[in-house]
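The structure appears below as structure tokens.
The values are calculated or read from the model by the stated rules, or taken from the named source; none is laboratory data. Only a predicted model underlies this, so the values are computations on that prediction, with no experimental measurement involved. Here the Cβ positions follow ideal geometry from the backbone for every residue, glycine too, while neighbour counts run over all protein chains shown. Accessible surface is based on the protein model in full, side chains and every heavy atom, while ligands, DNA and RNA are left aside. Shrake-Rupley method; radii C 1.70, N 1.55, O 1.52, S 1.80 Å.
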Amino acid sequence: MALAVETAAAPQQAPRRMRAAAWWLAGGVAALLVASVALRVWHLGNLPGVNGDEAWSGVQAARLVQGEPIAWRTPSGNPVNVFFLLPLAALHWLFPPSFTLLRSVAVVSGLAALAANWLLCRKAYDERTALVSTIVLAVLPINVAYSRFAWDASQSLLATVLVLYLPLIHYRRTERRETWPVAAMIALAAAIVVHPTNVFAAPLVVVPIAYMRRQELGQACRRIRVAARSWSLLGLAAVATAGAYLVWFLLNHAAGRPGPQEPLLAFMQNYVRLFSGATVYTYLAGVDAAAGADAALAWLPLACNLVLAGFLVVAVAGLAARLHGASDWRDVCLLAGWFVMLAGFFIVAGPRAIAPHFERYGICLVAPGALVLARGIAYWVEAKRARWRVAAAVLLVAAWLFPVTFYLGYFAFIEGTGGCSHRAFRTAAVEPKQAAYEHVLQQRSGPARIVADDWWTYWPLAYLASMTDDVRVVCREPLPGVATETDQPPPGEDLETWYVTFAPTAGGGEAAAKLENRPVDVPRAVIDDYAGRPLLRVDGPEKSGGLP
């Protein structure tokens, strides 16, 4: 009888274990998403230091609120991203300038990209793919880092997510193949407004259109013989070009000269680094530039590449198995559009455009690459496969490596060293440019003029003072449309003059050297980074005039 009871109870225990496993997985996913959100908002106003490019956007937003003329082109010549500028101006209509407020639009855009991916991917594919792709986008270090920057490129992920899914949704939900996915074309135009490099996302729209209208295109070619001959000639030309390229490559390789594989190899390496986080830790934190005791995390970029390589192996195996059966036209269009996009970016921009310090130009490549990765990984966690819960648990644990390494290579490293990258990114518990500005406000005895050293100090200080009437910020270094130190103040204005420069040990230039020769009794302050290294110095006050 006891045996019978145990035998009858055993089948009831299996569903309980399955439900418990499902709850554990759901809890792990929820915790992972919460952690990814926390990484986007923690110490937002000071990690890393605010650079001049970010603050330039803040100044334009403040001027727009005050009814002053603004620059409708960025310093690099691109049209202003109105999708970033207008929300930022609305925030400054309600709140005073602050570095946290400046970066808040990027945070909201990054989180909106995750929500948009979840909603749209469910319609384009299924919930499992939507969940995996959302997790991938949530934990990728490049996405976390760029959700913390007031840059146009911080909205590229959201823009390309829309471009990626809208054509697939259109052709899945409608039988009217003659209609164009107008929404996708509008999304592509908006993405180009966000940042011009998003034009490389065009294949994500063109490839599904061409695939779904392939019969019409084929019929048109058969009707028009000239067109057919043209296609044949183009095909022959492509084959001949590829053959010549291959011969040239073999001859160069045989002769021992550098061949064309080097740029392609560099591009592939940089693309992997873009996803693994190695780019973020190299560029923004400066892990690779650390020396001595600060080099304790020098292994991190390589380790992140190895972790991503493991995910790539799993994803490639999953994609191969998925395509081995009945190929889904959505996967065909995704892979073809992604490949054409990568090829176009490589040919036009090259590997340098996604190397550290330039990777913002390649943010458009992240969303389609993440979806390709997710389609391969999702294959292993489909319910029809045996032990899919085990596979999901293993992948979930591995996914936690990304937020953990981000904390180590970004927050912990910068808080321990102050940052070893560009001096604009070096920081402290209070952002150094903000600390310098607050020092002037506390020590001044009346209206003040702040003379900034260069681009990297001028725009952050000008942003903080943008809604203050009795503080004027000028720049010692000539900048387009910016008042300089030698400009005469308005008649009757008697201003204390304060100088904010980078310390000589932080790359301070001629101004810093001249300030060293000032009398000892002249008020001054030195602002250190997290590691106690001098970063900025504040000198003053003097009556209006230049350096001695």
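Could you tell me whether residue 102 is among the aliphatic types (A, V, I, L, M), open to solvent by 20 Å² or more (accessible area, probe 1.4 Å) and touching a residue at least 40 places away in the same chain (Cβ under 8 Å)?
So residue 102 fails the test.
Restricting attention to the stretch 451-459, does a residue exist that is open to solvent by 40 Å² or more (accessible area, probe 1.4 Å), of a type in the set (A, V, I, L, M, F, W, C) and in contact with a His (Cβ under 9 Å, 6 or more places away or on another chain)?
Yes.
From the list 72, 56, which residue is aromatic (Phe, Trp, Tyr) and open to solvent by 60 Å² or more (accessible area, probe 1.4 Å)?
Details: 56 fails: open to solvent by 60 Å² or more (accessible area, probe 1.4 Å).
Of 72, 56, the one residue that is aromatic (Phe, Trp, Tyr) and open to solvent by 60 Å² or more (accessible area, probe 1.4 Å) is 72.
Quick check on the stretch 425-450: of everything there that is of a type in the set (Val, Ile, Thr), open to solvent by less than 10 Å² (accessible area, probe 1.4 Å) and touching a residue at least 60 places away in the same chain (Cβ under 8 Å), which residue is nearest to residue 62 (Cα to Cα)?
440
Scanning for something at pLDDT 95 or above and within 25 Å of residue 164 (Cβ to Cβ), does the stretch 39-51 turn up at least one residue?
Among the residues of the stretch 39-51, at least one is at pLDDT 95 or above and within 25 Å of residue 164 (Cβ to Cβ), which makes the answer yes.
In the stretch 411-439, what residues are among the hydroxyl-bearing types (Ser, Thr, Tyr) and more than 30 Å from residue 449 (Cβ to Cβ)?
417, 421
When the stretch 410-436 is examined, which residues are found to be of a type in the set (D, E, K, R) and in contact with a strand residue (DSSP E or B) (Cβ under 9 Å, 6 or more places away or on another chain)? Outline the logic, then answer.
To start, the set of residues in the stretch 410-436 that are of a type in the set (D, E, K, R) comprises 415, 423, 426, 431, 433.
Answer for the stretch 410-436, where residues must be of a type in the set (D, E, K, R) and in contact with a strand residue (DSSP E or B) (Cβ under 9 Å, 6 or more places away or on another chain): 423, 426, 433.
Looking at (1) farther than 13 Å from residue 204 by Cβ; (2) at pLDDT below 95; (3) assigned to a helix (DSSP H, G or I), find the lone condition where residue 144 falls short.
Just one mismatch for residue 144, condition (2).
Residue check: is residue 395 in contact with a strand residue (DSSP E or B) (Cβ under 9 Å, 6 or more places away or on another chain), part of a helix (DSSP H, G or I), among the aliphatic types (A, V, I, L, M) and over 24 Å from residue 146 (Cα atoms)?
Judged against the criteria, residue 395 is not a match.
Just for the stretch 507-548: of the residues that are in a helix (DSSP H, G or I) and open to solvent by 10 Å² or more (accessible area, probe 1.4 Å), which one is modelled with the lowest pLDDT?
Ranking the qualifying residues of the stretch 507-548, first place goes to 513.
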